[in-house]
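Structure, as structure tokens:
The values are calculated or read from the model by the stated rules, or taken from the named source; none is laboratory data. Everything numeric here is computed off the predicted structure, so don't read it as measured data. Here the Cβ positions follow ideal geometry from the backbone for every residue, glycine too, while neighbour counts run over all protein chains shown. When the accessible area is computed, the model is the full protein with side chains, heavy atoms only, and any ligands, DNA or RNA have been set aside. Shrake-Rupley method; radii C 1.70, N 1.55, O 1.52, S 1.80 Å.
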Amino acid sequence: MSISRGTILVTGGAGYIGSHACKALARAGYTPIAYDNLVYGHEWAVKWGPFVRGDILDRSGLVDAIERYRPQAVMHFAAFAYVGESVTDPAKYYRNNVAGTLALLEAMQNTRLSRLVFSSTCATYGIPASLPINENTHQSPVNPYGASKFMVERILTDFRHAYALDSVALRYFNAAGADGDCEIGEDHDPETHLIPLVLDAASGLRPDITVFGDDYPTSDGTCIRDYIHVADLAEAHVVALTKLERGNALPAYNLGTGKGVSVKLLIERAREITGRQIKTVVAARRAGDPPELVADAKLAMSDLKWTPQHSDIDTILTDAWRWHLKHHVGVKRKNIKAPQQSIQC
Ligand code: UDP
């Protein structure tokens with residue numbers, strides 16, 4: 001029988017990245033407690049430990065969950081993450097992402113819980129002056145979503161010094177893909193991310209994919225991003241937690257591959273992998289989109305000894321497509337043409 005490594009509170013544990021972290025935690029011998037208000041998360045995504053329905057703004061609900069399950073650390077994913085909405089309704093983002101995190105930190109203080117892995121983002125860098133982006137690149141977010149995450153990083157720095165609250169911020173680039181066993185995957189409503197929308201166009205759930213701008217100063221004119229497989233992100237959380245438990249984690253790590261993929265190239269690879277036509281429509285640039293965002297993730301690779309295993313774009317698209325066929329097509333359109341055998345779950 002394997003020895004339990006203990007219990008971890010996972011806020012946002014019913015969400016896209018949080019649920020994959022729960023699976024990785026369980027595989028590493030921990031029991032994840034998924035704490036989620038189900039505003040964007042899904043109860044079906046909680047499979048590897050107990051579920052507590054609750055809001056991060058509810059400090060006493062958090063204290064109750066902590067006292068009940070006695071976790072040794074927190075992984076904090078719960079946040080709103082729609083960049084466009086954050087511009088039109090910043091109060092919603094500062095309330096949930098900043099005030100909510102403050103409530104969580106106070107609940108941790110009340111219960112003498114002192115370790116936190118925080119879900120941060122490359123959006124804290126804004127539009128970088130140079131590439132690739134390393135952890136010392138100036139952080140200058142250009143929207144309230146990025147600003148809310150940046151503010152939390154600042155709060156964590158202050159709490160580290162004042163209250164010895166030990167934390168690590170993981171700054172993700174573009175989270176993508178789905179669980180290799182097809183148990184969980186991306187399901188946002190509304191969906192705004194490129195890969196799920198491209199796959200919707202491939203399966204016929206949408207007529208086409210809109211390419212936001214083909215006049216950027218990049219090799220093919222479309223935006224370049226660093227896509228990182230959600231399973232690799234989840235694994236990075238587990239190694240960061242181990243490092244935190246040993247007391248030698250650094251305050252922040254970028255999580256990316258260091259390789260950029262353009263929108264055009266991604267759509268070409270999706271055509272190849274799905275075997276489907278994908279109609280594209282070119283539209284104007286989306287406000288606030290930098291031409292290129294690519295990580296320098298050498299620090300995570302050397303200090304956390306973390307190497308992305310599933311993050312080449314073909315593996316990301318293959319896993320996302322298998323999930324798409326099982327979950328989205330299976331649910332929304334039962335009569336769709338059967339997929340190739342080799343790519344079914
Ligand atoms: N994108 C696009 N069409 C879409 C959605 C996204 O062309 O329908 C582009 C977007 O401009 C960006 C890239 O795809 O360059 C990745 O966007 P996504 O929203 O997936 O992630 P972000 O980089 O904004 O975090």
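Key figures
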quantity: Segments 137-150, 219-232 sorted - mean Cβ within 10 Å per residue, highest first; calculated: 219-232, 137-150
quantity: Intensity falloff of region 1-71 expressed as log10 I(q)/I(0), Debye formula with alpha-carbon point scatterers, at q = 0.13, 0.18 Å⁻¹; calculated: -0.32, -0.60
quantity: Potential extension, Asn248-Asn110 segment - 0.36 nm per residue separation minus Cα distance; calculated: 47.3 nm
quantity: Solvent-accessible area per residue for region 1-63 (1.4 angstrom probe, square angstrom); calculated: 42 Å²
quantity: Degrees between helix 59-69 axis and first principal axis of the chain (Cα, 0 to 90, nearest 10); calculated: 80 degrees
quantity: Cα Rg over Rh - region 107-213, Kirkwood; calculated: 1.07
quantity: Using alpha-carbon coordinates, inclination of helix 263-274 to the longest axis of the chain, degrees; calculated: 80 degrees
quantity: Hz values of 3J(HN,Hα) by residue in region 169-176 - Karplus curve (6.51, -1.76, 1.60), Gly and Pro given as x; calculated: 9, 9, 9, 7, 8, 8, 5, 7
quantity: Label zone at Ala99, where the point sits 7 Å out along the Cα-to-Cβ direction: region 41-80 residues whose backbone N lies under 17 Å; calculated: 55-62, 79-80
quantity: Partner aspartates and glutamates for Lys279 [C-alpha distance under 17 Å; skip if fewer than 8 residues away on the same chain]; calculated: Asp200, Asp208, Asp214, Glu268
quantity: Centroid-to-centroid separation of region 302-322 and region 91-119 [C-alpha atoms, Å]; calculated: 29 Å
quantity: Fraction of beta bridges assigned by DSSP in the chain that are antiparallel (%, nearest 5); calculated: 5 percent
quantity: Length-normalised contact order of the chain in % [C-alpha pairs under 8 Å, at least 6 apart]; calculated: 17 percent
quantity: Subset of Lys47/Lys149; Lys23/Lys298; Lys47/Lys243; Lys259/Lys298; Lys47/Lys326; Lys23/Lys326 violating a 21 Å alpha-carbon distance limit; calculated: Lys47/Lys149; Lys23/Lys298; Lys47/Lys243
quantity: Folded to 0 to 90 degrees: helix 100-110 orientation relative to the chain principal axis, Cα; calculated: 30 degrees
quantity: Part-to-part distance (alpha-carbon centres) for region 148-174 and region 188-214, which is given in Å; calculated: 33 Å
quantity: FRET efficiency estimate (nearest 0.05) - Cβ-Cβ, Gln277 to Ser219, R0 30 angstrom; calculated: 0.80
quantity: Cα gyration tensor category, rounded, prolate or oblate, for region 17-114 with a/c compared to 1.5; calculated: oblate
quantity: Exposure of Phe212 as accessible area (Å², to 10), given a probe of 1.4 Å and all protein chains; calculated: 90 Å²
quantity: Residues of region 160-191 with amide N under 19 Å of a point placed 7 Å along Cα→Cβ from Ala129; calculated: none
quantity: Residue-span extension gain [Arg5 to Lys92] - 0.36 nm each, minus C-alpha spacing; calculated: 27.7 nm
